[in-house]
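**Student:** Mind looking over this structure? Questions follow.
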Amino acid sequence: QVQLVESGGGSVQAGDSLRLSCAASGRYDMGWFRQVPGKEREFVAANNWNLGTTYYADSVKGRFTISRDNAKNTVYLQMNSLKPEDTAVYYCSAVPKGPFIIATIRGMGYWDYWGKGTLVTVSS
């Protein structure tokens, strides 16, 4: 079983930055989703294992950057210019390398593995 462990969440003020980390047990295509209580889990960003392709949700383009350190099997989400509406539990996701297109990776069903989540709270 692939293990994913998120870290880096916390409470910050609007305009601040935060970097989330997700340590995996192997190299996989990986992504980030977020979820607010009572709402569906929302796609945020994803990249494939060799960093050849990245995708971002429109709501975070220009503010968030996904990257990884394959030597550590770790993916990062650098979040800048945080807004109160970014408040959510952020989940790391992973799937073995394969088809990687926006039409499929935006859906939760595409991903095989999930972390437990890390809470990000942005105050106004």
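Each row is one residue, and each column tells you yes or no for (1) among the aliphatic types (A, V, I, L, M); (2) touching a strand residue (DSSP E or B) at 6+ places or on another chain (Cβ under 7 Å); (3) over 21 Å from Ser11 (Cα atoms).
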site: Leu51; (1), (2), (3): yes, yes, yes
site: Phe64; (1), (2), (3): no, yes, no
site: Asn73; (1), (2), (3): no, yes, yes
site: Glu85; (1), (2), (3): no, no, no
site: Tyr91; (1), (2), (3): no, yes, no
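**Student:** Right, something else. Return a yes/no flag: does the range 37-46 have any residue that is under 15 Å from Val122 (Cβ atoms) and β-branched (Val, Ile, Thr).
**Tutor:** Yes, that holds for at least one residue.
**Student:** In the range 24-51, how many residues are without any contact (Cβ under 8 Å) to a residue 60 or more places away in the chain, farther than 18 Å from Gly107 by Cα and either under 11 Å from the mean Cα position of the chain (by Cα) or open to solvent by less than 60 Å² (accessible area, probe 1.4 Å) (or both)?
**Tutor:** Going through the range 24-51 one residue at a time, the tally reaches 1.
**Student:** Restricting to the range 52-66, give me the number of residues that are in a strand (DSSP E or B) and open to solvent by 50 Å² or more (accessible area, probe 1.4 Å). It would help to see each step written out before you state the result.
**Tutor:** Narrowing the range 52-66 to residues in a strand (DSSP E or B): 54-56, 64-66.
Filter once more, keeping what is open to solvent by 50 Å² or more (accessible area, probe 1.4 Å): 54-56, 65.
Here the count works out to 4.
**Student:** β-branched (Val, Ile, Thr), modelled with pLDDT of 90 or more, outside any loop (DSSP other than H, G, I, E, B) and touching a Phe, Trp or Tyr at 6+ places or on another chain (Cβ under 6 Å): does that describe Val89?
**Tutor:** On the way: β-branched (Val, Ile, Thr): yes; modelled with pLDDT of 90 or more: yes; outside any loop (DSSP other than H, G, I, E, B): yes; touching a Phe, Trp or Tyr at 6+ places or on another chain (Cβ under 6 Å): no.
Spelling it out, it is not the case that Val89 is β-branched (Val, Ile, Thr), modelled with pLDDT of 90 or more, outside any loop (DSSP other than H, G, I, E, B) and touching a Phe, Trp or Tyr at 6+ places or on another chain (Cβ under 6 Å).
**Student:** Right, next: Please tell me if Arg19 is at pLDDT 95 or above, in contact with a strand residue (DSSP E or B) (Cβ under 6 Å, 6 or more places away or on another chain) and open to solvent by 50 Å² or more (accessible area, probe 1.4 Å).
**Tutor:** Working: at pLDDT 95 or above: yes; in contact with a strand residue (DSSP E or B) (Cβ under 6 Å, 6 or more places away or on another chain): yes; open to solvent by 50 Å² or more (accessible area, probe 1.4 Å): yes.
Answer is yes for this residue.
The values are calculated or read from the model by the stated rules, or taken from the named source; none is laboratory data. In this text the structure is predicted, and so the values were computed from the model without any measurement. Every residue, glycine as well, gets a Cβ built from its backbone with ideal geometry; the counts of neighbours run over all protein chains shown. For the accessible areas, the whole protein counts, side chains as well, though only heavy atoms, and no ligand, DNA or RNA atoms are used. Shrake-Rupley method; radii C 1.70, N 1.55, O 1.52, S 1.80 Å.
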